[in-house]
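One structure below.
The values are calculated or read from the model by the stated rules, or taken from the named source; none is laboratory data. Note that this is a predicted model, so its numbers are computed, not measured. Here Cβ is always computed from backbone atoms with ideal geometry, including for glycine, and neighbour counts include all displayed protein chains.
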Amino acid sequence: MSRLLDKVAVVTGGGSGIGAATCRLFANQGAKLLVTDIDLAAAQTIADQIKGQGGEAVAMHHDVSSESGWISVMSCAQQTFGKVNILVNNAGVCVQQDLISTSLQDWRKTMGVNLDGAFIGVREAIKSMLANKESGSIINIASVNGLSSGGIEGCASYCASKAGLRLLTKSAALECGRKGYPIRVNAICPGGVNTAMNQMLSKEELAAKEKCHPVGRMAEPVDIANSILFLASEESSFVTGADFIVDGGVTAGFVSGDYPEMSAGGASE
Amino acid sequence: MNKPKVDHLSKRVKDKVVIITGGGSGIGRATSLLLAQHGAKVIVSDIDIEAAEETVGQLRAFTDETMCLEQDVANHEHWDKLLELVLSRYGHLDVLVNNAGIGISGECRHTRLEDWQRVIDINLTGTFLGVQAAINAIGDRISPNQSSASIINISSTYGLVGGGLVSYSAAKGGVTLLTKSAAAECARLGYNIRINSLHPGGVNTAMANIDSEDPDDQTALQEFYARVPMGRCAEPIEIAQGILFLASDESSYMTGSELVIDGGYTAV
């Protein structure tokens, strides 16, 4: 099947994790890829894999917090493939540290990548997409930690950046809709995903994290990539300003079963 | 719960046994057609059997693996009969789409108790009975095609925000939290069943029930569209595509979640 036939997609942080899985899946569905990453070698590996399987892909070094970096990326997409249809703002960082030991510089680093980066990306993508006169889809990778801290301490800047990203998404969707731009903007909020971002956790922390997912496992990157594909494709033509929670039930409610049983007549003592 | 095994080169719900309630019209009919085109064996239920037969007639153009049944979703004996029939014919169930619903409603101070009860019975109790019947039918059994089962409850944007339709909103809000509670229960028990709600905004179906000759209706419709950032209502196929995603193994990590397809209505 070719659910993204002839579409051109820019995927940031495409060198690993969710980004890499998304690039591979998009290529399988007929898209042409601009794989960007702060780690050029990682992006190049993914682009080479795609080309090795007969797809079209180009890799590029990209610091998403840099305005000039974004302008180079968009002009590269334009020059190489002639247009941009899809942007996946996936690049992100998570630094775990207590709030009181977080310097303003640390805070700004997280905001620079997770929020400034997405903002510049959304802005530049809208400009490129309008120039193409084709429909566009922007997908921002937020997090369930943009809805609640999830009981995890030491992630204040990460949580704040992801919450901001959710509302940046809705505001951009509203603006595009009202102005009649053929561009949809949506967010995905993954729960825990089996990627390098979780490598900082100890074995015990990892086991605890898996246990807090009602389905008993963390997501594989492709679990998230499949939702991104739905939002990128024309199948989601009426979806804009939405937040897709892909979290194995984390935000659905009680997990462990050790909550108080209630009898039919009311709460037990 | 199983890890994803998605083959994008094949039909996306190939050989899955799917029940769609309210399959005789609107979103239900569009979903029946789309899922059948993607290889599902579709059982269409509707309180209007002639409408269900019409849907099945359209499906027969490309598959023999379909059937229909007259069903009042608020009647638990009808659910027993439906599940018995499906299990005896196909041996298992993979997907239930709780789509049947009614739209009569109005503001709180003018709502009669019998109208309230009818909306709650069909939209909320009917969904509960379906979820319960499906969980009992599927339980901890693993489907022959090794993928997770999926229950999709059609709620509404009015199951997320208020909007002048008191009984409809109460019922659809109930569906949202029924979904999360049942999803958490299945996951906790280790059942391989995902349960999610889908929230359409305005959709071009008979439920919108707009009289194109009535200027008041036309004004109301224009006012509603003006509040939708995309400036239009959805076509049933645009909702059906979301149902296909939730029915397929592509949504293997989604449970207890809300799929909002509303042209930006609740983003504002």
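Scanning the range B:165-173 turns up no residue that is within 11 Å of chain A (Cβ to nearest Cβ), in a helix (DSSP H, G or I), on the phi < 0 side of the Ramachandran plot and surrounded by fewer than 20 Cβ atoms within 10 Å (Cβ to Cβ).
State yes or no: is B:Arg89 without any contact (Cβ under 8 Å) to a residue 40 or more places away in the chain, within 21 Å of B:Gly39 (Cβ to Cβ) and surrounded by fewer than 18 Cβ atoms within 10 Å (Cβ to Cβ)? Yes, satisfied. Note on the range B:129-159: residues that are within 23 Å of B:Arg109 (Cβ to Cβ) and either of a type in the set (A, V, I, L, M, F, W, C) or buried (at least 21 other Cβ atoms within 10 Å of the Cβ) (or both) total 3. Checked against (1) in contact with a Phe, Trp or Tyr (Cβ under 8 Å, 6 or more places away or on another chain); (2) under 25 Å from A:Ala225 (Cβ atoms); (3) at pLDDT 95 or above, A:Leu130 meets all criteria but (2). Scanning the range B:243-257 for residues that are closer than 16 Å to B:Thr176 by Cα, more than 7 Å from every other protein chain (Cβ to nearest Cβ) and touching a helix residue (DSSP H, G or I) at 6+ places or on another chain (Cβ under 7 Å) gives a single hit, B:Ile243.
Within the bounds of the range A:157-173, is there any residue that is closer than 16 Å to A:Val8 by Cα, among the basic types (Lys, Arg) and either touching a helix residue (DSSP H, G or I) at 6+ places or on another chain (Cβ under 8 Å) or crowded, with 20+ Cβ neighbours inside 10 Å (or both)? No, the conditions are met nowhere in the range A:157-173. Only one residue in A:Gly82, A:Gly52, A:Gly30 is surrounded by fewer than 21 Cβ atoms within 10 Å (Cβ to Cβ), within 14 Å of chain B (Cβ to nearest Cβ) and not β-branched (Val, Ile, Thr), so which one is that? None of the other options fit; the residue is A:Gly30.
Of everything in the range A:213-252 that is part of a loop (DSSP other than H, G, I, E, B) and over 25 Å from B:Leu160 (Cβ atoms), the residue that is farthest from the other protein chains (Cβ to nearest Cβ) is A:Met218. Taken over the range A:195-220, the criterion of being under 22 Å from B:Arg194 (Cα atoms), surrounded by fewer than 20 Cβ atoms within 10 Å (Cβ to Cβ) and within 21 Å of the chain's Cα centre (by Cα) is satisfied by A:Lys209, A:Glu210, A:Arg217, A:Glu220. Restricting attention to the range A:186-205, the residues that are small (Gly, Ala, Ser) and either within 17 Å of B:Ser251 (Cβ to Cβ) or within 13 Å of chain B (Cβ to nearest Cβ) (or both) total 3. A residue that is on the phi < 0 side of the Ramachandran plot, among the hydrophobic types (A, V, I, L, M, F, W, C), assigned to a strand (DSSP E or B) and more than 10 Å from every other protein chain (Cβ to nearest Cβ) occurs somewhere in the range A:164-185. Among residues of the range A:172-183 that are closer than 17 Å to A:Asn140 by Cα, those with a Cβ under 8 angstrom from a residue that is at pLDDT 95 or above and of a type in the set (D, E, K, R), sequence gap 6+ or separate chain, pair up as A:Ala173/A:Arg184; A:Cys176/A:Arg184.
Once the range B:223-255 is narrowed to residues that are β-branched (Val, Ile, Thr) and touching a Gly at 6+ places or on another chain (Cβ under 7 Å), the residue that is nearest to A:Ile18 (Cα to Cα) is B:Thr255. Over 27 Å from B:Cys68 (Cα atoms), among the aliphatic types (A, V, I, L, M) and surrounded by 20 or more Cβ atoms within 10 Å (Cβ to Cβ), is that true of B:Leu189? Here the answer is no, as B:Leu189 does not meet what is asked. Put simply, of A:Ser137, A:Ser149 the only residue that is in contact with a Leu (Cβ under 9 Å, 6 or more places away or on another chain) and on the phi < 0 side of the Ramachandran plot is A:Ser137. The selection criterion, being more than 7 Å from chain B (Cβ to nearest Cβ), in a helix (DSSP H, G or I), among the small types (Gly, Ala, Ser) and closer than 20 Å to A:Ala20 by Cβ, does not hold for A:Ala208. Being touching a strand residue (DSSP E or B) at 6+ places or on another chain (Cβ under 9 Å), within 14 Å of chain A (Cβ to nearest Cβ) and either at pLDDT 95 or above or within 23 Å of B:Asn123 (Cα to Cα) (or both), is that true of even one residue in the range B:56-67? So far as the range B:56-67 goes, no, none of its residues is touching a strand residue (DSSP E or B) at 6+ places or on another chain (Cβ under 9 Å), within 14 Å of chain A (Cβ to nearest Cβ) and either at pLDDT 95 or above or within 23 Å of B:Asn123 (Cα to Cα) (or both).
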